[in-house]
Amino acid sequence: MKTLVVLFILGFNLTASADYSDSDPIGYYSEGILKNGVRLPDQGPGFMKLFLHRNRAWGTREMVDAITKTTLQMDRLFPRFDRLQVGDISQEGGGPVTDLHSSHQHGLDVDLTYYRINKIEQSPTEIKGFEELMVIRGKISKNFDSARNWKFLKELHKHGQVQRIFVDPVIKKEICRYARLLKESALFLEVLRSLRPYPNHQEHMHVRLKCPTEAKECRLQEDPPAGSGCNL
Ligand SMILES: [Zn+2]
């Protein structure tokens, strides 16, 4: 009888710990670490990882799910187009990556390129950085695919708990223009609200996810100010 009780307790604990084996972001975006991070594969349906030599493909489970689920959907909708090109997430175990970022420390920040009309992807072994500017001399590039970038942003909000997304101010304006053109419903005002105009994001957007609810040591950031920022 005693053994049975012990086994029952042991079995129960094993199940409980299996449930808690998932990733755990600790601290803040600019001062954190990542326990049990999940590595985004080098490529998959609808996405490819850039800067492979940096080994910064480590995110929370929620981050990797948000990327892979969103791009799977994009791949279904737009097969044979350019894939989402994924820059840095975090290094293994998280912590400072101060050569390029102040954040990206606990698996909840990721840099992504914008989708392109010409569908050209850059090489995953390119080491210098993102190759193509989507804002040139203060104007949106003709190669910026507004339809697919807008679709991506909406899908991303379905598959991830988006905290905010930093984009160039000209890109925010272009997305606002496009959403207005489509007469998008109020449902998507939250998507527009999450887009925060920020300098130096002409060639990539920076997506930030919220702390997962079960990540007890993850410090929350305040929500962006109310309103779409698009005069909608
Ligand atoms: Zn970034």
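Laboratory data are not the source of any read-out in this text; all were calculated from the coordinates shown. If you're wondering where the values come from, they're calculated on a predicted model, not measured in any experiment. Don't worry about glycine lacking a Cβ; one is built from the backbone with ideal geometry, like all the others, and counts go over all protein chains shown.
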Practice prompt. Quote the relative contact order of the chain in percent (integer), defining contacts as alpha-carbon pairs under 8 Å separated by 6+ residues.
Written response: 20 percent
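How large is the dipole of the chain about the Cα centre if only Lys and Arg carry +1 and Asp and Glu carry -1, each at its Cβ, rounded to the nearest 20 debye?
Working: 33 positive and 29 negative charges, 167 e Å.
Dipole size: approximately 800 debye.
Determine the calculated [θ] at 222 nm for the chain from helices alone, applying -39500 (n - 2.57) to every DSSP H run no shorter than 4 residues and normalising by the residue count; nearest 500 deg cm²/dmol. Mind showing how you got there, number by number?
Numbers: 5 runs with 68 residues, N = 232.
That calculation yields -9500 deg cm²/dmol at 222 nm.
Would you mind ranking PHE51, PHE81 so that the residue whose beta carbon has the fewest other beta carbons within 10 Å leads the list? Before the final figure, lay out each step's value.
Values: PHE51 22, PHE81 16.
Exposure proxy ranking, most exposed first: PHE81, PHE51.
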Discussion item. Projecting each Cα onto the charge dipole of the chain (Lys/Arg +1, Asp/Glu -1 at the beta carbon, about the Cα centre), which of VAL110, GLY227, SER30 comes out farthest on the positive side?
Written reply: GLY227
Item to complete: Quick one: plug the Kirkwood hydrodynamic radius of the stretch 151-227 (C-alpha pairs) into Stokes-Einstein at 25 °C, 0.890 mPa s, and report D in µm²/s.
Response: 184 µm²/s
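Note the per residue figure in Å³ for the convex hull of the C-alpha positions in the stretch 83-198.
Working: hull volume 14.1 nm³, N = 116.
Looking at the stretch 83-198, the number lands at 122 Å³ per residue.
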Item to complete: Evaluate the distance, in nm, between pseudo-label points positioned 7 Å from the Cα of ARG76 and of GLN221 along their respective Cα→Cβ axes.
Response: 3.0 nm
Worksheet item: Mind checking Rg over Rh on the chain, alpha carbons, Kirkwood formula for Rh?
Response: 1.04
Item to complete: Determine, for HIS104, HIS53, HIS157, the number of other Cβ atoms within 10 Å of each Cβ, and report the residues in order from fewest to most.
Response: HIS53, HIS157, HIS104
Fill in: Local electrostatic count, SER23, Cβ distance below 11 Å [Lys/Arg +1, Asp/Glu -1]
-2
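Explain nothing, just the number: relative contact order of the stretch 94-232, from Cα pairs under 8 Å at least 6 residues apart, as a whole percent.
Numbers: 190 pairs, mean separation 40.7, N = 139.
That works out to 29 percent.
Beta carbons within 10 angstrom, averaged per residue: use that to sort the peptides 39-48, 112-121, 168-177, highest first.
The packing order, highest mean first, is 168-177, 112-121, 39-48.
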Worksheet entry | Pairwise label distance in nanometres, LYS35 with TYR198, each label 7 Å out on the Cα-Cβ vector | 2.7 nm
